[in-house]
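**Student:** Starting off with a structure, shown below.
The values are calculated or read from the model by the stated rules, or taken from the named source; none is laboratory data. Being a predicted model, the structure only gives us computed values, none of them experimental. Note: ideal-geometry Cβ built from the backbone for every residue, glycine included; neighbour counts use all protein chains shown. For the accessible areas, the whole protein counts, side chains as well, though only heavy atoms, and no ligand, DNA or RNA atoms are used. Shrake-Rupley method; radii C 1.70, N 1.55, O 1.52, S 1.80 Å.
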Amino acid sequence: MQQIKISVRELIEYVLRTGDINAVFLSSKRMSDGVKAHQRFQKQTKEDYEEEVTISLETECDETKILLSGRIDGVVHREGQIIIDEIKSTSRNLEDIEIGNSLHWAQVWMYAYMYAIKYDLKEVGTRLTYIELETYKIKQFEHMKTINELHKFFEEVMKKYIVWARKQNAFKEVSRETINNIEFPFGHYRKGQKKLMSSVYNAIEDKKVLFSRAPTGTGKTVATLFPAIKALGNQKCDKLFYLTAKTIGKEVVVDTLQLLELQGLLVKRVVITAKDKICTNDKKACNPEECIYAKGHYDRVNKVLEVMYAEHHLFDRETIVKYALEFLVCPYELSLDLALFSDIVVCDYNYVFDPSAVLKRFFIEDTGKYVLLIDEAHNLIDRARDMYSAVLDKQRVMSLKRKVKDLDQRLYKYFTLLNKGLLARKKLCSEYEAERYCEAEMPTDLEEAMRGIIFRTEKIFSLHKSWEHMNELLEFYFDSYDFIKKMELYDERYVTYYEETSKGLIVKLFCMDPSNNLKRMLEGMQGVVFFSATLLPMEYYVNMLGGDKKSYGLILDTPFSRNNLCLIVDQTISTKFVDREISIKPIVERILQITQPKRGNYMVFFPSYKYMEDVYYAFEPRCDSSQVEVLIQGRGMDEGEKEAFIGAFHVERDKTLISFVVLGGMFGEGIDLVGEKLSGAIIISVGLPQLGYERDLIKRHFEQISGIGFEYAYVFPGMNKVMQSAGRVIRTPSDRGVVVLIDERFNRPYYSQLFPDEWSSPKVLLKGDSITDIICDFWGEK
């Protein structure tokens, strides 16, 4: 018999929730101010108070095993009595709260019953403590409950839940049997695949963090998913999160699971789509006044969950939207609820790692053994920097300060206070030549005003919903919430910089090193696997992605024949910034020489749009349009333009196609051009990120702690872009192609030592050598 694991909060919400979605309300579990309010109360109380008490209860209802778990805010020991205390922070006036919220009472009664059973108590006190966030005033409600009253309540809740629990349990029994019976879906293992699979399973079994460089062709999606699913079947873990940054990554996972389903596998899996992309409301407004899906959502959502669970195993965007429209529920919130009852969750990195992420519901309470499979993990470093950084714009503050003056004087006071703090920074900026300065401390004096804006906005929202500037205020409200969340993460890996721009002063909390924030998320996981074709140098990624001495790395060899790739290092041209003007003509000649021996499709990668456009305009007049078609990546291309650009590589033509694209951009990774769809890649420069203030801050930080700041800020990220772009050429065992690295620095040990093993013997072009002859020899055309 499978055991259903659920937290008290999830149980109560599922059984008893009703009403509308309102995006403005932030509960204490989601907002850290609530946590601070809890801690303040717990420290100041004079009672014999036991804080944060973990509790669990194993029970069986109608032959279904259920493990309930949760964390009690406080247990009060008072003259032989036990009081179970549930603390709730609120932005409402305490005078408006008369008897306490029914869901809050249900939660504290459930905790009281579990505590009474554990310690064999005949009666237990139950208490709700409400804390007003703006003033820290307290209001409490207290009731004594007998064990019989609590048992009756427990049975009523479980009776409502058990039908749903039994459906889950019945499916899990079948699912685990199919997991144990499925075989690897391919007739043979690719080179390195079995080793990767074994390492993934061991990482889960031993609760470790694995970093794996799995080259293109390893079959890394199935090689990570299959052993993780086997671990799921053997009850080594409870749920898998497959994290990927790109839509194509999600599609590959869905296809792989579909293949396994054809082998007999039955697992529930959900694909989380971004809120703005799945929303079915044209106004994109999450409140019952403007969205029919938000109004009464919680009255209907359980029904649709039960129907979908019975009828489907894959909950993708199309399926979720279909049922959301039919049952009039929010598709985004529906997808998040489906994640609670799915075995595999496929989503973007931010749903797990972002401090404001909605899937934190899984990680706040210790309710499961979760596994993270993190695809294309090299992308996570810069994504994490963005997640853990935040920006405050003075111009927005001034605009709202003027607008709220006649709306609410308390809110106006907070905006005035915030603007005063920003004005002082603006004056300091004017004393610096670059109108910018940096501090290693966070702006604590701004925090009080921003918290005041948050609390006051929540308090007045219901009274002024129709105010003409409410959307602008709400946008600032959410940004302020995000800013304060980042302030709470602030440590020696952060700096704060202030800059006077053409649009006014900005304040940025800049996370130079996200490793510690990532590590916090990894610590509670049952197993974590970071994998990518370009996870080199390994030590850099282990350090930057939150690994430690207990983590282990796995570097696999390419499964493809090295004879299929003609790798040329052209050291005769310098593409350094100071040499770019004089490099344009030689690069034009080189592109013509490389593409002449074989008609086919080629990509030329440049480190910037400007450089790319300069070479393109010099190259185009040299082309014979009857023999060569030229494309160039546009700035700010939308999805349709991107698809049309890639579509050109799938069209059969009787001429050569040469495309000019940006290194590290949308065409540098995540696209598969198999066989004749791509004959070669020409990579201009070593890919160093553009010189800039933030990159120099990163450089300075790592120079101080490791002595290799330039490498961490520029070299390692640049070479990763080079390897990713080169990886577009050979996608299958039968592919053959040419990769030319153009820059004299590629032949220096400083850079060449970063090459993967399969690049160990490149052909180095010297002055006087004919690159056309080398390529003709490779294609067998000479």
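**Student:** Angle between the Cα long axis of helix 331-340 and the longest principal axis of the chain, 0 to 90 degrees, nearest 10?
**Tutor:** 80
**Student:** Distance in nm between label sites at Glu639 and Cys776, each 7 Å beyond Cα in the beta-carbon direction?
**Tutor:** 4.7
**Student:** Given a Förster distance of 25 angstrom, what is the FRET efficiency for Glu142 paired with Asp62, based on the Cβ-Cβ distance and rounded to 0.05?
**Tutor:** Values: r = 34 Å, r/R0 = 1.37.
Using R0 = 25 Å, I get an efficiency of 0.15.
**Student:** Quick check for me: using +1 on Lys/Arg Cβ and -1 on Asp/Glu Cβ, what's the dipole size of the range 562-779 about its Cα centre, in debye to the nearest 20?
**Tutor:** 340
**Student:** With an 8 Å Cα cut-off and a minimum separation of 6 or more residues, compute the relative contact order for the range 478-524 in percent. Each step should come with its number before you reach the end.
**Tutor:** Working: 33 pairs, mean separation 14.6, N = 47.
Relative contact order here is 31 percent.
**Student:** Rounded if a/c is under 1.5, else prolate if a/b is larger than b/c, else oblate: which is the range 339-487, with a ≥ b ≥ c the root eigenvalues of its Cα gyration tensor?
**Tutor:** Values: a/c = 2.75, a/b = 1.46, b/c = 1.89.
Taking the square roots of the gyration eigenvalues as a ≥ b ≥ c, the range 339-487 is oblate.
**Student:** So between Ala170 and Lys118, what do we pick up on full extension, going 0.36 nm a residue minus the alpha carbon distance? Don't skip to the answer; put the middle values down first.
**Tutor:** Working: separation 52, 0.36 × 52 = 18.72 nm, distance 2.86 nm.
Full extension of this stretch gives 15.9 nm more.
**Student:** Rounded to the nearest 0.05, what FRET efficiency do Glu431 and Glu581 have when you use their Cβ-Cβ distance and R0 = 60 Å?
**Tutor:** Values: r = 36 Å, r/R0 = 0.60.
The computed FRET efficiency comes out at 0.95.
**Student:** Related question: Please work out how much length the chain gains when fully extended from Lys160 to Glu318, using 0.36 nm per residue of separation minus the C-alpha to C-alpha distance, in nm with one decimal.
**Tutor:** Values: separation 158, 0.36 × 158 = 56.88 nm, distance 2.98 nm.
Additional length available on full extension: 53.9 nm.
**Student:** Taking the chain as the reference, fit the longest principal axis to its C-alpha atoms, fit the long axis of helix 609-619 to the helix C-alpha atoms, and give the angle between the two in degrees, 0 to 90, nearest 10.
**Tutor:** 30
**Student:** Could you go through the range 397-414 in sequence order and give the Karplus-derived ³J(HN,Hα) for each residue, using 6.51 cos²θ - 1.76 cosθ + 1.60 with θ = phi - 60°, rounded to whole Hz, and x for Gly and Pro?
**Tutor:** 3J(HN,Hα) across the range 397-414, in whole Hz: 4, 4, 4, 6, 4, 5, 6, 8, 4, 8, 8, 7, 5, 5, 5, 4, 4, 5.
**Student:** Calculate what fraction, in whole %, of the accessible area of the chain sits on carbon and sulfur atoms when a 1.4 Å probe is rolled over the protein chains.
**Tutor:** Values: 16220 of 34130 Å².
Accessible surface attributable to carbon and sulfur in the chain totals 48 percent.
**Student:** Sequence-distant or interchain residues sharing an amide H contact under 5 Å with Leu765, placed H: which?
**Tutor:** Distant-sequence amide H within range of Leu765: Val569, Asp570, Gln571.
**Student:** What list of ³J(HN,Hα) values in whole Hz, one per residue of the range 285-300 in order, does the Karplus curve 6.51 cos²θ - 1.76 cosθ + 1.60 (θ = phi - 60°) give from phi, with Gly and Pro shown as x?
**Tutor:** The phi angles translate into 9, 9, 8, x, 6, 10, 9, 5, 7, 6, 6, x, 3, 6, 6, 10 Hz.
**Student:** Between the range 210-286 and the range 635-677, how far is it from one alpha carbon centroid to the other, in angstrom?
**Tutor:** When both Cα centres are located, 26 Å separates them.
**Student:** At 0.36 nm per residue, minus the direct Cα-Cα distance, what do Glu47 and Lys303 gain on full extension? Give it in nm, one decimal, please.
**Tutor:** Working: separation 256, 0.36 × 256 = 92.16 nm, distance 4.39 nm.
Additional length available on full extension: 87.8 nm.
**Student:** Something else about it: Calculate the spin-label point distance for Lys277 paired with Lys465, positioning each point 7 Å from the Cα along the beta-carbon direction, and give it in nanometres.
**Tutor:** Taking the two extended label points, one gets 3.1 nm.
**Student:** Using only alpha carbon pairs under 8 Å that are at least six residues apart, calculate the relative contact order of the range 4-164 and give it in whole percent. Please report the intermediate quantities before stating the final value.
**Tutor:** Details: 258 pairs, mean separation 37.3, N = 161.
Normalised by residue count, the contact order of the range 4-164 is 23 percent.
**Student:** If R0 is 22 Å, what FRET efficiency do you get for Leu407 and Ser502 from their C-beta distance, rounded to 0.05?
**Tutor:** Working: r = 29 Å, r/R0 = 1.34.
In this case the efficiency is close to 0.15.
**Student:** Eigenvalues of the Cα gyration tensor times 5, then square-rooted: what semi-axes does that give for the range 562-779, in whole angstrom, largest first? The partial results should precede the final answer.
**Tutor:** Working: eigenvalues 150, 80, 62 Å².
The equivalent ellipsoid of the range 562-779 has semi-axes of 27, 20, 18 Å.
**Student:** Oh, and also: Helix 444-461 versus the longest principal axis of the chain: what angle, 0 to 90°, nearest 10, using Cα atoms?
**Tutor:** Value to nearest ten degrees: 60.
**Student:** Report the antiparallel proportion of the DSSP beta bridges in the chain as a percent, rounded to a multiple of 5.
**Tutor:** On the way: 43 of 112 bridges.
Antiparallel bridges make up about 40 percent of those DSSP assigns within the chain.
**Student:** Which of the three applies to the range 704-749, rounded, prolate or oblate, going by the alpha-carbon gyration tensor with a ≥ b ≥ c and a/c under 1.5 meaning rounded? All intermediate terms of the calculation are to be shown ahead of the outcome.
**Tutor:** Details: a/c = 3.98, a/b = 2.18, b/c = 1.83.
Prolate shape, in that a/c is at least 1.5 and a/b is the bigger ratio.
**Student:** Here is a follow-up. Assign one of three labels to the range 4-164, namely rounded, prolate or oblate, based on the Cα gyration tensor with a ≥ b ≥ c the square roots of its eigenvalues; rounded applies when a/c is under 1.5, prolate when it is not and a/b is larger than b/c, and oblate otherwise. Please report the intermediate quantities before stating the final value.
**Tutor:** Numbers: a/c = 1.88, a/b = 1.27, b/c = 1.48.
Verdict is oblate for the range 4-164.
**Student:** Further question: What list of ³J(HN,Hα) values in whole Hz, one per residue of the range 650-667 in order, does the Karplus curve 6.51 cos²θ - 1.76 cosθ + 1.60 (θ = phi - 60°) give from phi, with Gly and Pro shown as x?
**Tutor:** Values, residue by residue: 9, 8, 6, 9, 9, 9, 7, 10, 10, 10, 9, 9, 9, 4, x, x, 5, 9 Hz.
**Student:** Ignoring ligands, DNA and RNA, what accessible area per residue does the chain give at 1.4 Å, in Å²?
**Tutor:** In whole numbers, the chain has 44 Å² accessible per residue.
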